[in-house]
Amino acid sequence: MIQGIGASAGVAIGKAFVLPNWEWSMPETQVNPVDLAKEFERLYEGIRTSKDELEFIKKEFREVVGPEESSIFDAHLAILDDPVFMSEIRGIIERQYKAAEVAVKEAIDHFVAMFDLLDDEYMKERAVDIKDVGNRLLKHLLGAPEVTLPSDTQPYILVAKELSPSQLAHLNPAYVLGIVTMMGGMTSHSSIMSRALGIPLVAGLESKLSSPIQTGELLIIDGDNGNLYVNPDQATTEHYSIVRDRQREKRQQLELLSSVEAQTRDGVKLRLAGNISSVKELDLALKYGAEGVGLFRTEFLYMDRQSFPTEEEQYEVYKLVAEKVGEHPVVIRTLDIGGDKHLDYFQLPEEQNPFLGYRAIRISLDRKDMFQTQMTAILRASVHGNIKMMFPMISSVEEVREAKAVLEEVKKDLDRRGIPYNRNLQIGIMIEVPAAVMIADFLAEEVDFFSIGTNDLVQYALAVDRMNEQIAHMYHPYHPAVLRMIRMTVEAAKAAGIGISVCGELAGDERSLPLWLELGVSDLSMSPQALLKVKHRTLNTAASEARRIAKLCFRSRAAEESERQLTQFLDKAIIQPVVKGDA
């Protein structure tokens, strides 16, 4: 057994197909100075072709996994427009009289070497993006063919030194049982995309293998624990065959619960809603029985385009979502860009720490024209369903009041135009920064509901960037400070008589169910993929027993202690199998 990093869960058993590394044959002769213009023309044509290809891949991939994961290719397009990267290439052509492909190769090597010297795993993994973009450009400059995958219909486990997002986008999940990469980790783009596609992946094996894996060798990968077996013995193969078959059976059984209410064994009902970024994700959430939308990330309507979406374009999307959901609520979060989310056509300032900078509600209040357009579209759509509006990254009462003042202006404009809207539209805020927790009682007087965004709350409360693998182990949602902040927020909401829900990743973590039962939080919103697992867990849990465990967690002084209590409770639960009669 070889221990790597479990970057995408699941078990896969199959024969290896080893993806060849990029190998380029470069011209050694220098370019005649009179032919430099021709080299620049070749370079720019290669860039244009690469951009067109990336746009096509992004569109195709978006239809499979949604806009959030497909936005990875925006980073690739940005590299082709990056003035520093392009200046380096042009400089090599101009000063050293080298062919365009040689200049691109040297520029790639320069930036990759520079990133590798940085003591930052996240930046090292971004070097993969530069290599991916550069190799795409080289392919067009050299007229080289794509590296092809097996053409037969026999499924395989793909093995590569590092797998670029472009290569992953071309894979057919029906034929790729799993993936093994020598490089990369949890935060690499290939890992993110593998999780979105549901393909098991084990990464970070470069220094662990005594000899290279060969095409045709039998592999077992355990993406849950990061284990790789090369040419395993019969006992190991039989064991993992049982594990794999049980995982498949569980997935199939869980789908029978789509129409079943999420209710504990002793009668406590939860409302499980979906977090969505697109209509495609909504369809998946509804398929799995979501009771509405607890978080509609509207920023993805603004991506993959050349200008801000118009009022009419937004209205049509919000209306469609509301009509599809019917009587259940649709919580629409206003634009949350900045941090790690950017728009090609809206230039954000260079910031040392963008996560603490110009983003979310701060941009909306600064660009009220943009804010008013979105609010107008939401209000217009509110007559077509149970729509609610939510503001992100609130840290003060003043921000809420200023946002509500803009909303009143929009309402007056709609009144003047004679356009109907829901005059009782509920307004809420995300609780995701410690400042909002500490003044939750004040904020509760201003709005109709809170939604706790646990991802950012954990990050800001603990001052830990979870994408930084050097400190990712310190990102702990069960830290006593985080649990206390969650409890404070829930208590403030209940004291004020307003709604309270949780929409971060913690909502979709089965282990956390006892916390919500103890706190009396009945509204949870999560990714569509988590809905059935949490529902199954709820159906097999007694609220009275869960509350006892949660009380211990809220008294714990260490995150590990709380996690151990919750994990043990999950493991000891008597899980009833799903049968068709349940549905």
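The values are calculated or read from the model by the stated rules, or taken from the named source; none is laboratory data. Since we're looking at a predicted model, the values are computed, not measured. Glycine also receives a Cβ, built like all others from the backbone with ideal geometry; neighbour counts cover every protein chain displayed.
Go through the range 249-287 and report how many residues are under 30 Å from Glu316 (Cα atoms), out of contact with any strand residue (DSSP E or B) (no Cβ under 7 Å at 6 or more places or on another chain) and not charged (D, E, K, R).
Here the count works out to 6.
Out of the residues in the range 199-253 that are of a type in the set (Gly, Ala, Ser) and in contact (Cβ under 8 Å) with a residue 12 or more places away in the chain, which is surrounded by the fewest Cβ atoms within 10 Å (Cβ to Cβ)? Before you say what the answer is, go through the steps one by one.
Here is the first cut: in the range 199-253, the residues of a type in the set (Gly, Ala, Ser) are 203-204, 207, 210-211, 216, 223, 226, 235, 241.
Add one more test, that the residue is in contact (Cβ under 8 Å) with a residue 12 or more places away in the chain, and what stays is 203-204, 216, 223, 226, 241.
Values: Ala203: 28, Gly204: 21, Gly216: 10, Gly223: 27, Gly226: 19, Ser241: 13.
The residue in question is Gly216.
Listed here are the residues, each with its yes/no results for (1) assigned to a helix (DSSP H, G or I); (2) more than 20 Å from the chain's Cα centre (by Cα); (3) farther than 25 Å from Arg333 by Cα.
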position: Arg246; (1), (2), (3): yes, yes, yes
position: Glu255; (1), (2), (3): yes, yes, yes
position: Gly267; (1), (2), (3): no, yes, yes
position: Lys280; (1), (2), (3): yes, no, no
position: Ala285; (1), (2), (3): yes, no, no
position: Glu291; (1), (2), (3): no, yes, no
position: Phe300; (1), (2), (3): yes, no, no
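Which ones in the range 342-391 are under 25 Å from Ile500 (Cβ atoms) and polar (S, T, N, Q)?
Ser364, Gln374, Ser382, Asn386
In the range 322-379, what residues are at positive phi and hydrophobic (A, V, I, L, M, F, W, C)? Outline the logic, then answer.
Looking only at the range 322-379, we keep the residues that are at positive phi, and these are 326, 338-339, 360.
Hit for the range 322-379 is Ala360, nothing else.
Please work out if Arg380 is assigned by TED's automatic domain parsing to the domain that holds Gln306, assigned to a helix (DSSP H, G or I), of a type in the set (D, E, K, R) and under 30 Å from Asp81 (Cβ atoms). Walk me through how you get there before you give the answer.
Values: assigned by TED's automatic domain parsing to the domain that holds Gln306: yes; assigned to a helix (DSSP H, G or I): yes; of a type in the set (D, E, K, R): yes; under 30 Å from Asp81 (Cβ atoms): no.
Answer is no for this residue.
Only one of Glu101, Glu88 is farther than 30 Å from Arg305 by Cβ, in the same structural domain as Val128 (by TED's automatic domain parsing), among the acidic types (Asp, Glu) and touching a helix residue (DSSP H, G or I) at 6+ places or on another chain (Cβ under 7 Å); which? So that I can check it myself, show each step before the final result.
On the way: Glu88 fails: farther than 30 Å from Arg305 by Cβ.
Among Glu101, Glu88, only Glu101 is farther than 30 Å from Arg305 by Cβ, in the same structural domain as Val128 (by TED's automatic domain parsing), among the acidic types (Asp, Glu) and touching a helix residue (DSSP H, G or I) at 6+ places or on another chain (Cβ under 7 Å).
With the requirement that a residue be touching a His at 6+ places or on another chain (Cβ under 9 Å), of a type outside the set (Gly, Ala, Ser) and crowded, with 19+ Cβ neighbours inside 10 Å, what does the range 4-56 give you?
Passing the criteria: Ile47, Leu54.
Got a sec? Which of Ile387, Ile394 is among the aliphatic types (A, V, I, L, M), touching a residue at least 60 places away in the same chain (Cβ under 8 Å) and surrounded by 24 or more Cβ atoms within 10 Å (Cβ to Cβ)?
Working: Ile394 fails: touching a residue at least 60 places away in the same chain (Cβ under 8 Å).
The unique qualifying residue is Ile387.
What about Val64, is it modelled with pLDDT under 75, in a helix (DSSP H, G or I) and in contact with a helix residue (DSSP H, G or I) (Cβ under 9 Å, 6 or more places away or on another chain)?
yes
Does Ser307 meet the test of being assigned to a loop (DSSP other than H, G, I, E, B) and touching a residue at least 12 places away in the same chain (Cβ under 8 Å)? Write out each step before concluding.
Working: assigned to a loop (DSSP other than H, G, I, E, B): yes; touching a residue at least 12 places away in the same chain (Cβ under 8 Å): yes.
So Ser307 fits the description; yes.
Which of the residues belonging to the range 445-495 are among the small types (Gly, Ala, Ser), at pLDDT below 95 and touching a Phe, Trp or Tyr at 6+ places or on another chain (Cβ under 7 Å)?
Those that are among the small types (Gly, Ala, Ser), at pLDDT below 95 and touching a Phe, Trp or Tyr at 6+ places or on another chain (Cβ under 7 Å): none in the range 445-495.
Does any residue of the range 316-339 turn out to be under 30 Å from His76 (Cα atoms), touching a Pro at 6+ places or on another chain (Cβ under 6 Å) and either at pLDDT 95 or above or among the acidic types (Asp, Glu) (or both)?
yes
Mind checking which residues of the range 324-377 are of a type in the set (Val, Ile, Thr), touching a residue at least 40 places away in the same chain (Cβ under 8 Å) and outside any helix (DSSP H, G or I)?
First, the residues of the range 324-377 that are of a type in the set (Val, Ile, Thr): 325, 330-332, 334, 337, 361, 363, 373, 376.
Then drop every residue that is not touching a residue at least 40 places away in the same chain (Cβ under 8 Å), which leaves 325, 330-332, 334, 361, 373, 376.
Hits for the range 324-377 are Val330, Val331, Ile332, Thr334.
Please determine whether any residue of the range 491-505 is in contact with a helix residue (DSSP H, G or I) (Cβ under 6 Å, 6 or more places away or on another chain), among the small types (Gly, Ala, Ser), in contact (Cβ under 8 Å) with a residue 60 or more places away in the chain and part of a helix (DSSP H, G or I).
no
So is Asn422 of a type in the set (S, T, N, Q) and within 31 Å of the chain's Cα centre (by Cα) or not?
no
In the same structural domain as Leu519 (by TED's automatic domain parsing), in a loop (DSSP other than H, G, I, E, B), surrounded by 14 or more Cβ atoms within 10 Å (Cβ to Cβ) and hydrophobic (A, V, I, L, M, F, W, C): which single residue out of Val437, Val464, Val458 fits that description?
Working: Val437 fails: in a loop (DSSP other than H, G, I, E, B); Val458 fails: in a loop (DSSP other than H, G, I, E, B).
None of the other options fit; the residue is Val464.
Yes/no matrix, rows are residues, columns are (1) outside the structural domain of Arg333 (by TED's automatic domain parsing); (2) modelled with pLDDT of 95 or more:
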position	(1), (2)
Ser188	yes, no
Gly198	yes, no
Tyr229	yes, yes
Tyr240	yes, yes
Ala262	yes, yes
Arg271	no, yes
